[in-house]
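Please read the structure below before turning to the comments.
Nothing in this text is a laboratory measurement; each read-out follows from the coordinates by a stated rule. Treat the numbers as computed from the prediction; the structure is a model and nothing was measured. Glycine also receives a Cβ, built like all others from the backbone with ideal geometry; neighbour counts cover every protein chain displayed.
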Amino acid sequence: MTLVFTPRYAGYAAAVRASFERQGVLMAWGAELLEVAPGTVVLRLPFSDRVTQQQGFFHGGVVASLADSAGGYAAMTMLDEGLEIVSVEYKVNFLAPAVGDELIATGTLVRAGKRLLVSTAEVDVVRGGDMRPCALLQQTLAPSVPAGASSAS
């Protein structure tokens with residue numbers, strides 16, 4: 001089943017891009033935002049020494065963080081203008097070791113409620129042009145007012 005979502009304002013993609021650029025950890029790791037569409041976001045993370053674990057492949061925490069961000073930004077595409085998104089909880093299943101040249105995380109919105117949103121993310125590892133799933137995430141998220149902004153009471 002393909003879900004169709006309609007953003008609540010025209011500037012949703014610019015808001016996602018601006019928020020992504022403020023992600024200190026993703027910027028430090030070299031992550032890139034490849035695609036923003038209603039209910040969908042795709043992120044890329046190239047392999048480097050900054051994102052490895054002791055055996056030399058992508059660290060599970062890095063894989064989970066990338067999935068969390070992809071799913072979160074997919075949910076953010078459906079928020080009202082001026083709101084950000086925060087994770088309430090998530091569950092990750094690691095399917096295979098993330099051995100490869102890069103990770104591609106695709107976040108997909110499942111449900112957009114007023115107080116809670118649910119999304120999924122699939123993380124694929126690319127090695128020599130071959131792409132394989134290495135993790136699946138399901139998460140619950142909540143809209144939030146950005147730090148420093150005032151909220152209406």
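Observations, loosely collected:
- Footprinting exposure proxy for 49, 80 (fewest neighbouring C-beta atoms within 10 Å first): 49, 80
- Note, ³J(HN,Hα) from phi for the range 31-38, Karplus 6.51, -1.76, 1.60, rounded to Hz, x at Gly and Pro: 5, 10, 8, 8, 8, 10, 9, x
- Translational D in µm²/s for the range 63-105 (Stokes-Einstein at 4 °C, 1.567 mPa s, Kirkwood Rh from C-alpha pairs): 107
- Computed from the C-beta positions of residue 6 and residue 147, the FRET efficiency with R₀ = 30 Å rounds to 0.60.
- Using all pairs of distinct alpha-carbon atoms, the Kirkwood hydrodynamic radius of the range 49-153 works out to 14.5 angstrom.
- Contact order, relative form, for the range 12-144: 26 percent (alpha carbon pairs under 8 Å, 6 or more residues apart, mean separation divided by residue count).
- Long-range amide H partners of residue 85 with built H, under 5 Å: 144
- Shape box of the range 1-61 [Cα atoms, principal axes, largest first, Å]: 44, 30, 15
- 13 Å beta-carbon shell around residue 124, net charge (K/R +1, D/E -1): -1
- Qualifying trypsin sites (Lys or Arg not before Pro) in the range 98-153, where qualification requires a DSSP coil assignment and no more than 11 other C-beta atoms within 10 Å, comprise 114, 115.
- Per residue, the chain reaches -6500 deg cm²/dmol at 222 nm when only DSSP H runs of four or more residues are counted, each adding -39500 (n - 2.57).
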